[in-house]
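The values are calculated or read from the model by the stated rules, or taken from the named source; none is laboratory data. Keep in mind the model is a prediction, meaning the values are calculated, not measured. Note that each Cβ is placed from the backbone with ideal geometry, even for glycine, and that neighbours are counted across all protein chains shown. Side chains are part of the model used for accessible areas, which takes the heavy atoms of the whole protein and leaves out ligands, DNA and RNA. Shrake-Rupley method; radii C 1.70, N 1.55, O 1.52, S 1.80 Å.
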Amino acid sequence: MSKNVDNNIKEYIDRSGYRTNYLAKQVGCHPSDISHYISGDRVPNRERLNRLCSILKTSPSVKKCNLKDLYPNIRFT
């Protein structure tokens with residue numbers, strides 16, 4: 001995946017109020033991985049994306065979250 005892939009992860013994380021360290025621990029990755037996902041340097045695998053969505057949805061500020069919400073331009077099969 002190329003740098004700066006269109007994503008909405010930063011928006012969802014900001015809205016959730018969760019810190020990068022908390023999300024990384026819950027998702028099972030390093031906090032720098034979350035930073036790379038936000039910057040578009042990397043795209044998490046489907047398993048991590050599903051975990052990330054599940055965690056973000058536990059925030060009262062995030063009503064819905066799915067793969068297409070986070071990465072609207074990527075085709076998930």
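General observations
- Among the residues of segment 52-77, those identified as loosely packed, with under 11 Cβ neighbours inside 10 Å, within 20 Å of Gly17 (Cβ to Cβ) and among the basic types (Lys, Arg) are Lys63, Lys64.
- Where helices (runs of 4 or more DSSP H) fall entirely within segment 1-58, those with at least 1 residues that are within 10 Å of the chain's Cα centre (by Cα) and in contact (Cβ under 8 Å) with a residue 60 or more places away in the chain are at 9-16.
- Among residues of segment 1-51, those that are open to solvent by 90 Å² or more (accessible area, probe 1.4 Å), touching a helix residue (DSSP H, G or I) at 6+ places or on another chain (Cβ under 6 Å) and either under 21 Å from Val62 (Cα atoms) or of a type in the set (Asp, Glu) (or both), counted: 2
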